[in-house]
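The block underneath contains the structure these notes are about, expressed in structure tokens.
The values are calculated or read from the model by the stated rules, or taken from the named source; none is laboratory data. This structure is a prediction, so every number in the text was calculated from the model and none was measured. Every residue, glycine among them, receives a Cβ derived from its backbone with ideal geometry; neighbour counts consider all protein chains shown. Areas reflect the complete protein model, heavy atoms only, side chains present, ligands, DNA and RNA absent. Shrake-Rupley method; radii C 1.70, N 1.55, O 1.52, S 1.80 Å.
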Amino acid sequence: MKKALTTIGKYVMLMKKVLEKPERGPVFRNQIMTEIDNLGIDSLGIVAIISVFMGAVVAIQTGYNTTSAWIPEYTVGFTTRESIILEFSNTIICLILAGKVGSRIASEIGTMRVTEQIDAIEVMGINSANFLILPKIVAGVLIFPVLVVISMFLGILGGWFAAAWMNVVTVSAYYDGITLDLIPFEIFYSIVKTIAFSLIITSVSGFYGFYAYGGALEVGRASTKAVVMSSILIILFNLVITQLML
Amino acid sequence: MTNLIIGPSGSGKTVLMKCLVGLLEVDSGQILYDDRQFTGMAFKDRKIIRQEIGMMFQGGALFDSMDVEENVMFPLTMFTNRSMEEKRDRVNFCLKRVNLENVNKLFPAELSGGMKKRVAIARAISMNPSYLFCDEPNSGLDPKTSILIDNLISEITQEYQMTTVINTHDMNSVIEIGDKIAFIYSGKLWWVGDKHEILDTNNQELNNFVYATELTRRLKK
């Protein structure tokens, strides 16, 4: 309990330093663009592959479970869309990003810590926490929702492929399903969750990397801790935000 | 003036240096930079003094994601409003000063140990510092490269009229460039003197340190 409270305290203190005004505006903007590329554009491939296949699987499973004549065919498209927008594209994709992006952030900053690069930044009089972590947080908040919207589109497209090529339902029934009663608030809810998850992934991973101490082994441990803690917090906040918003 | 802090491994040399540059807070005592109180100063106020400090870390601490030019340019980008051309000129001047040329586009992973140290010195002097701190500049280097680095630091110190503090346990450095030497033992200041006095001292712990090797014992005889 004491350890958990100490960790939370350290995290809050670090975030206080992170959220200060950046040293140089143009440098900060360049860093954000670099991080958008590193954290977001680099993740596009894995997000696209997972989204298409998951969309197809959701469509097939829904089709398999709704064989009753009482259930209309468009249910497959409707259920696929709802599953993808409400849960899959934000939570599952963010869990995958926690693994990919989280470990990258923690190991990058952790390596900088153990090779004294962070000390070098501090000696120059630069707020190292702000310089290293804030651009990643801002980039995450900007690019993760874009990835999630792309994931939504590709997931629904994956279901479409399943409908068309695997004869789960007819394409027209699938189309009727995905266009039935679309509530824009659901997309808003999904993006709000994504923003919260991106804050968790980037800040928690930055925290564990920043306080890595020792050598390669500790950097590895920091990276693992970052992924595990980000994933747990994503699951926890998923419940909290869902309860609050729906 | 080149000041050397010597002492066996684990004696507290690096901790002392980290305290001097403000990476660690001191439990007691005070640190003054030309009568300016550094101890207990707020981060924002320390910034002014820190911009007068250049530091070379043991492993170089070059930024892996940046090439040599960007590494040396980093302090200039962060703290000056110079144009890219002016910054590039300054970078080339600093690299030339440490006898490195045509390495601008190489990354730290592509450099040898000695080259990394020289790039670190170039980065440290890019802002014309008044104080230069070097943490074990000779560690991991062959004797010839060690002497080159020592001489380079000494020349730069004279040229820029800087106060240089070096952490080392290399006796060659002590004899070559030590204007003032402090011996640290078990976390305490044990002895202060110059390079002539150190060879004739009666201090037992210092003698054990200075004459630890067969070579130095023979030289004494």
How about segment A:26-35: which of its residues are of a type in the set (A, V, I, L, M, F, W, C) and either touching a Lys or Arg at 6+ places or on another chain (Cβ under 6 Å) or open to solvent by less than 80 Å² (accessible area, probe 1.4 Å) (or both)?
A:Val27, A:Phe28, A:Ile32
A:Leu233 vs. criteria aliphatic (A, V, I, L, M), open to solvent by 30 Å² or more (accessible area, probe 1.4 Å) and modelled with pLDDT under 95
no
In segment B:9-60, the residues that are in a loop (DSSP other than H, G, I, E, B) and touching a strand residue (DSSP E or B) at 6+ places or on another chain (Cβ under 7 Å)
B:Ser11, B:Gly12, B:Val21, B:Gln30, B:Phe38, B:Glu52, B:Phe57, B:Gln58
For segment B:56-68, give me each residue that is at the interface with another protein chain (Cβ under 8 Å from one of its Cβ atoms) and open to solvent by less than 40 Å² (accessible area, probe 1.4 Å).
B:Phe57, B:Ala61, B:Leu62, B:Phe63
Matching residues in segment A:2-25 (touching a helix residue (DSSP H, G or I) at 6+ places or on another chain (Cβ under 6 Å), outside any helix (DSSP H, G or I) and open to solvent by 70 Å² or more (accessible area, probe 1.4 Å)) number 1
If B:Met115 passes every condition in (1) of a type outside the set (Gly, Ala, Ser); (2) within 12 Å of chain A (Cβ to nearest Cβ); (3) open to solvent by less than 50 Å² (accessible area, probe 1.4 Å) but one, which one does it miss?
(2)
Per the filter on segment B:29-55, residues open to solvent by less than 60 Å² (accessible area, probe 1.4 Å) and at the interface with chain A (Cβ under 9 Å from one of its Cβ atoms) are B:Arg46, B:Lys47, B:Ile49, B:Arg50, B:Ile53, B:Gly54, B:Met55
Scan segment A:109-135 and report the pairs whose first residue is under 20 Å from A:Lys21 (Cβ atoms) and open to solvent by 10 Å² or more (accessible area, probe 1.4 Å) and whose second residue is among the hydroxyl-bearing types (Ser, Thr, Tyr) and modelled with pLDDT of 95 or more, with Cβ atoms within less than 9 Å and a gap of 6+ or a chain change.
A:Glu122/A:Ser128
Counting only residues in segment A:83-108 that are of a type outside the set (Gly, Ala, Ser) and closer than 14 Å to A:Ala212 by Cβ, the one most open to solvent (accessible area, probe 1.4 Å) is identified as A:Arg104
